[in-house]
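Asks: Could you have a look at this structure, given as structure tokens, before my questions?
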Amino acid sequence: MTTQSPSVQWAEWQAYLDEWLAGLSVVQAREVFEKPQKCAIVSVDVINGFCAFGPLASPRVARIVQPIVDLFQKAWSLGVRHIVLTQDTHEPDAVEFAQWPPHCVRGTAEAEPVDEFKALPFFSSMVQIPKNSIHSGLNTPLNDWIQAHPEVDTFVVVGDCTDLCTYQLAMHLRLDANARQLNRRVIVPVDCVDTYDLPVEVARVQGLMAHPGDVFHGIFLYHMALNGVEVVQKIA
């Protein structure tokens, strides 16, 4: 029995992952939102502190704002009225700041939704849910909202970061449904999620942990799909 070297194994895996990503399907909005009263879009952390300014703002993440706006508009035009925004709204002394630099503190502009969301004519109808960790369902009103809307069986998850808050949200929705024997569809459109990039060479200079964006983006999308989340190229 021949054992592959780690470098060969990684190269084969990367080629396989690239092939998988390229083969993801495009689903139609009219199919996803066919029964709009049973659908919800949950957006995580599309706020200034990750998209516009602040220590964790990322130009790469900022690029998903317009595709998300387009999806909101498409869904709204098809009758979807459940749009939920879960958003970092940290306490000034947040324990999380031991892992990440202080960001998105309650009452600051960083913790506000991006201007593109606020400009939407139906923005006031969106539900905003603050969170004090990367998990949208821990010590937040999200689970109460889900319980109050038992008719919703299709959740579209968008936002950032793919491997952090987006992953935690999508997996929470999927595993909660598994645990409670619920027929629930959880969809993640790739064009509406992304993560930040911190190359190895920069991380070494700055004494930080490297974070190659493309690598983590792809692997965590794959892991969501491995656990029953429906990962698609986009909702057209």
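Asks: Which members of segment 175-195 meet the condition of being in contact (Cβ under 8 Å) with a residue 60 or more places away in the chain and in a loop (DSSP other than H, G, I, E, B)?
Replies: Initial filter on segment 175-195 (in contact (Cβ under 8 Å) with a residue 60 or more places away in the chain): 187, 189-195.
Scanning segment 175-195 gives a single hit, 195.
Asks: Given the conditions (1) of a type outside the set (Lys, Arg); (2) in a helix (DSSP H, G or I); (3) farther than 22 Å from residue 21 by Cα; (4) out of contact with any His (no Cβ under 8 Å at 6 or more places or on another chain), which single one is not true for residue 216?
Replies: (3)
Asks: Out of all the residues in segment 155-174, is one or more in a loop (DSSP other than H, G, I, E, B), modelled with pLDDT of 95 or more, buried (at least 20 other Cβ atoms within 10 Å of the Cβ) and among the hydroxyl-bearing types (Ser, Thr, Tyr)?
Replies: Taking every residue of segment 155-174 in turn, at least one turns out to be in a loop (DSSP other than H, G, I, E, B), modelled with pLDDT of 95 or more, buried (at least 20 other Cβ atoms within 10 Å of the Cβ) and among the hydroxyl-bearing types (Ser, Thr, Tyr).
Asks: Given the criteria closer than 20 Å to residue 218 by Cα, surrounded by 14 or more Cβ atoms within 10 Å (Cβ to Cβ) and out of contact with any strand residue (DSSP E or B) (no Cβ under 9 Å at 6 or more places or on another chain), does residue 65 qualify?
Replies: yes
Asks: Among 105, 42, which is among the hydrophobic types (A, V, I, L, M, F, W, C) and open to solvent by 10 Å² or more (accessible area, probe 1.4 Å)? First the steps, then the outcome.
Replies: Details: 42 fails: open to solvent by 10 Å² or more (accessible area, probe 1.4 Å).
Just one listed residue meets the conditions, 105.
Asks: Mind checking which residues of segment 68-95 are small (Gly, Ala, Ser) and either within 19 Å of the chain's Cα centre (by Cα) or surrounded by fewer than 18 Cβ atoms within 10 Å (Cβ to Cβ) (or both)?
Replies: Step one: filter segment 68-95 for residues small (Gly, Ala, Ser), giving 75, 77, 79, 94.
Once the filter is applied, which keeps residues that are small (Gly, Ala, Ser) and either within 19 Å of the chain's Cα centre (by Cα) or surrounded by fewer than 18 Cβ atoms within 10 Å (Cβ to Cβ) (or both), segment 68-95 yields 75, 77, 79.
Asks: Specify the residue that is most open to solvent (accessible area, probe 1.4 Å); the eligible residues are those in segment 1-26 that are touching a residue at least 60 places away in the same chain (Cβ under 8 Å) and not in a strand (DSSP E or B). So that I can check it myself, show each step before the final result.
Replies: The initial filter retains those residues of segment 1-26 that are touching a residue at least 60 places away in the same chain (Cβ under 8 Å), namely 17-18, 20-21, 24-26.
Among the residues that remain, those that are also not in a strand (DSSP E or B) are: 17-18, 20-21, 24-25.
On the way: 17: 4, 18: 80, 20: 58, 21: 42, 24: 25, 25: 62 Å².
Only one residue tops the list, namely 18.
The values are calculated or read from the model by the stated rules, or taken from the named source; none is laboratory data. What you see is a predicted model; the values in this text were computed from it and never measured. Cβ coordinates were reconstructed from backbone atoms using ideal geometry, including for glycine residues, and neighbour counts include every protein chain displayed. What goes into the accessible areas is simple: the full protein's heavy atoms, side chains included, and nothing from ligands, DNA or RNA. Shrake-Rupley method; radii C 1.70, N 1.55, O 1.52, S 1.80 Å.
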